[in-house]
Amino acid sequence: MNLFLYALVVLIWGTTWIAITAQSNFVDPVVAVFWRFLVAASCLVFGLLITRRLRRFSVKDHLFFAVQGLCVFGLNFLCFYHAIAYINSGLESVIFSMAVLFNTLNSRLFFGQKISPQFFPAVTLGFMGMFLLFWQDLSSTHLQTETLLGIGLCMLGTYGFSLGNMISARHQKRGLDVLSTNAYAMSYGTLWMGGFAAMTGMQFLPVWNWQFIVAVGYLAIFGSVVGFTAYFILVGRIGAGQAAYSTLLFPLVALSISTIWENYHWSLSAVIGVMCILLGNLVFFLGPKLRNLAIKKAIS
């Protein structure tokens, strides 16, 4: 079951980046996020209502849902939708893989989980990889500010996603239903984005064409309802840190698509950068297994 959920998350979220790019071409990022989660939340709430599976929760729980909605279904995507104007969608997914490290830090901060020794070399490799990945853009004076802004937005969005992971872990530690908590959090995220768009006088109606409709449909149903449900179930089953390991494979899927769809050109520094990021994540997760294997061999 865990392997199925893991593969499902990788395949779905590894392909949503290009749909985000398509949707962003027709509407402001705030409104784009609003439409995505308006459709997703409506489908999820409606499905739970007709099957009588929508649970009731306390006021305190709803406050956590509201914060989760802001972090995961608002701030997270708002940052990534804005960043697409400055950097490639495939590169966004690479930065998002740093959720593995953010989850480790936040698990320590909020739940007191110990940080493993391999965390520090993994962080070093990760940030070295990002530097190499963006070296060409950073060395170009006319793109330097925009590239740094794109990287910063992606990092902020990834940290918001990680905070949402912690809240989801909190829900599941208390035995709250994943589908119902997702439905409420998505609804609050929709309200956050809708309220912000209304206060700033944004145009809610997008350009209705087949590209926008397909992008919203894919992002709402597969990327949001199916993807987040599968991911948060993984968080409850194997922990936030291990579940975030799925983000390790997103760049491979997303950059492969970006190479064809967005004509992304691979430089030597970019290849080395991706390898460093992936190696950092592998060190983080496989370190204990390799150490235990070495001990077993030494004993035998």
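The values are calculated or read from the model by the stated rules, or taken from the named source; none is laboratory data. Only a predicted model underlies this, so the values are computations on that prediction, with no experimental measurement involved. Methodologically, a virtual Cβ is constructed for each residue, glycine included, from the backbone with ideal geometry; neighbour enumeration extends over all protein chains shown. In case anyone asks, the SASA skips ligands and DNA or RNA and just uses the protein heavy atoms, side chains included. Shrake-Rupley method; radii C 1.70, N 1.55, O 1.52, S 1.80 Å.
Search region 58-83 for residues that are within 17 Å of Asn165 (Cα to Cα) and pair each with any residue that is charged (D, E, K, R) and open to solvent by 10 Å² or more (accessible area, probe 1.4 Å) when their beta-carbon atoms are under 8 Å apart and the residues are at least 6 apart or on different chains.
Listed pairs, sorted by first residue: Phe64/Arg170.
Got at least one residue in region 77-95 being over 28 Å from Leu278 (Cα atoms), open to solvent by less than 10 Å² (accessible area, probe 1.4 Å) and assigned to a helix (DSSP H, G or I)? Steps first, please.
Pass one, region 77-95, residues over 28 Å from Leu278 (Cα atoms): none.
The answer is no, given that none of the residues of region 77-95 is over 28 Å from Leu278 (Cα atoms), open to solvent by less than 10 Å² (accessible area, probe 1.4 Å) and assigned to a helix (DSSP H, G or I).
Do you know which residues across region 25-39 are among the aliphatic types (A, V, I, L, M) and open to solvent by 10 Å² or more (accessible area, probe 1.4 Å)?
Once the filter is applied, which keeps residues that are among the aliphatic types (A, V, I, L, M) and open to solvent by 10 Å² or more (accessible area, probe 1.4 Å), region 25-39 yields Val27, Leu38, Val39.
Could you grab me the full set of residues in region 1-45 that are of a type outside the set (Val, Ile, Thr), outside any helix (DSSP H, G or I) and more than 21 Å from Cys71 (Cβ to Cβ)? Walk me through how you get there before you give the answer.
Filtering region 1-45 for residues of a type outside the set (Val, Ile, Thr) gives 1-8, 11, 13-14, 17, 19, 22-26, 28-29, 32, 34-38, 40-44.
Filter once more, keeping what is outside any helix (DSSP H, G or I): 1, 25-26, 28.
Those that are of a type outside the set (Val, Ile, Thr), outside any helix (DSSP H, G or I) and more than 21 Å from Cys71 (Cβ to Cβ): Met1, Asn25, Phe26.
Can you tell me which of Leu191, Leu205, Leu148 is open to solvent by 60 Å² or more (accessible area, probe 1.4 Å) and out of contact with any helix residue (DSSP H, G or I) (no Cβ under 8 Å at 6 or more places or on another chain)?
None of the other options fit; the residue is Leu205.
Do we find that Gly287 is in contact with a Gly (Cβ under 6 Å, 6 or more places away or on another chain) and either modelled with pLDDT under 70 or not hydrophobic (A, V, I, L, M, F, W, C) (or both) in this structure?
Here the answer is no, as Gly287 does not meet what is asked.
So, Phe65, is that one among the aromatic types (Phe, Trp, Tyr) and assigned to a helix (DSSP H, G or I) or not?
For Phe65, the condition - among the aromatic types (Phe, Trp, Tyr) and assigned to a helix (DSSP H, G or I) - is met.
Among (1) surrounded by 17 or more Cβ atoms within 10 Å (Cβ to Cβ); (2) farther than 22 Å from Ser256 by Cβ, which single condition is Ser42 missing?
(1)
Output yes when any residue across region 112-125 is touching a residue at least 24 places away in the same chain (Cβ under 8 Å), within 17 Å of Leu156 (Cβ to Cβ) and hydrophobic (A, V, I, L, M, F, W, C), and no when none is.
Scanning region 112-125, I find no residue that is touching a residue at least 24 places away in the same chain (Cβ under 8 Å), within 17 Å of Leu156 (Cβ to Cβ) and hydrophobic (A, V, I, L, M, F, W, C), so the answer is no.
Test Tyr218 against the criterion of being within 19 Å of Val9 (Cα to Cα), at pLDDT 90 or above, open to solvent by 60 Å² or more (accessible area, probe 1.4 Å) and not polar (S, T, N, Q), and give yes or no.
Considered against the rule, which asks whether it is within 19 Å of Val9 (Cα to Cα), at pLDDT 90 or above, open to solvent by 60 Å² or more (accessible area, probe 1.4 Å) and not polar (S, T, N, Q), Tyr218 comes out as yes.
Name the residues in region 249-271 that are open to solvent by less than 10 Å² (accessible area, probe 1.4 Å) and either modelled with pLDDT under 75 or touching a Gly at 6+ places or on another chain (Cβ under 7 Å) (or both), would you?
Hits for region 249-271 are Phe250, Pro251, Ala254, Leu255, Ser258.
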